[in-house]
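Visitor: Once you've had a glance at the structure underneath, I'll fire off some questions.
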Amino acid sequence: MNKQLTKFEKQVFECIPTGKEHPISQENLAKATSTTRRNITATIRNLRLKGRLVGSSRSSINGYYKIKTNEEFFENIGMLSSQRDTLSKTITAMIETFNENEKEPLIDQQSLFNQVNE
């Protein structure tokens, strides 16, 4: 993936404060950049994929911030790992339920999914 930021990604990244003490909410970030919350979600994902350390806080003050400490980094990695694990469990449960109710199970697809998550 090209790690160079688009003009809009730069604009969003510049609006994000450093440190989890003062995160900017998704709504305020959308207002500051004249876009939608959905576009902010996609842009944050792109920033992370392009190597920018953007954390998110889900405490009493929700929002995004530029990661500045090891603690902030590992806190975010833990949160993202937990989300990944929850999604994996949800997908597995849905495939199992589908297989139980269908004449043609998705056995091959489930084995491919399990290989990716190992």
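Visitor: Just to check your reading of the model, which residue among Ile91, Ile24, Ile40, Ile77 is touching a residue at least 12 places away in the same chain (Cβ under 8 Å) and closer than 22 Å to Lys3 by Cβ?
Guide: Ile40
Visitor: Follow-up question, since we're still on this one. Is it the case that some residue within segment 74-86 is modelled with pLDDT under 95, open to solvent by 90 Å² or more (accessible area, probe 1.4 Å) and of a type outside the set (A, V, I, L, M, F, W, C)?
Guide: yes
Visitor: Could you check how many residues of segment 53-85 are among the small types (Gly, Ala, Ser) and within 15 Å of Glu14 (Cα to Cα)?
Guide: Residues meeting the conditions: 2.
Visitor: Continuing with this model, one more query. Looking at segment 13-40 only, could you name the residues that are within 13 Å of the chain's Cα centre (by Cα) and surrounded by fewer than 14 Cβ atoms within 10 Å (Cβ to Cβ)?
Guide: Correct list: Arg38 only.
The values are calculated or read from the model by the stated rules, or taken from the named source; none is laboratory data. A quick note: this is a predicted structure, and the numbers were derived from the prediction, not measured. Positions of Cβ are backbone-derived with ideal geometry, glycine not excepted, and every protein chain shown enters the neighbour counts. Accessible surface areas use protein heavy atoms only, side chains included; no ligands, DNA or RNA. Shrake-Rupley method; radii C 1.70, N 1.55, O 1.52, S 1.80 Å.
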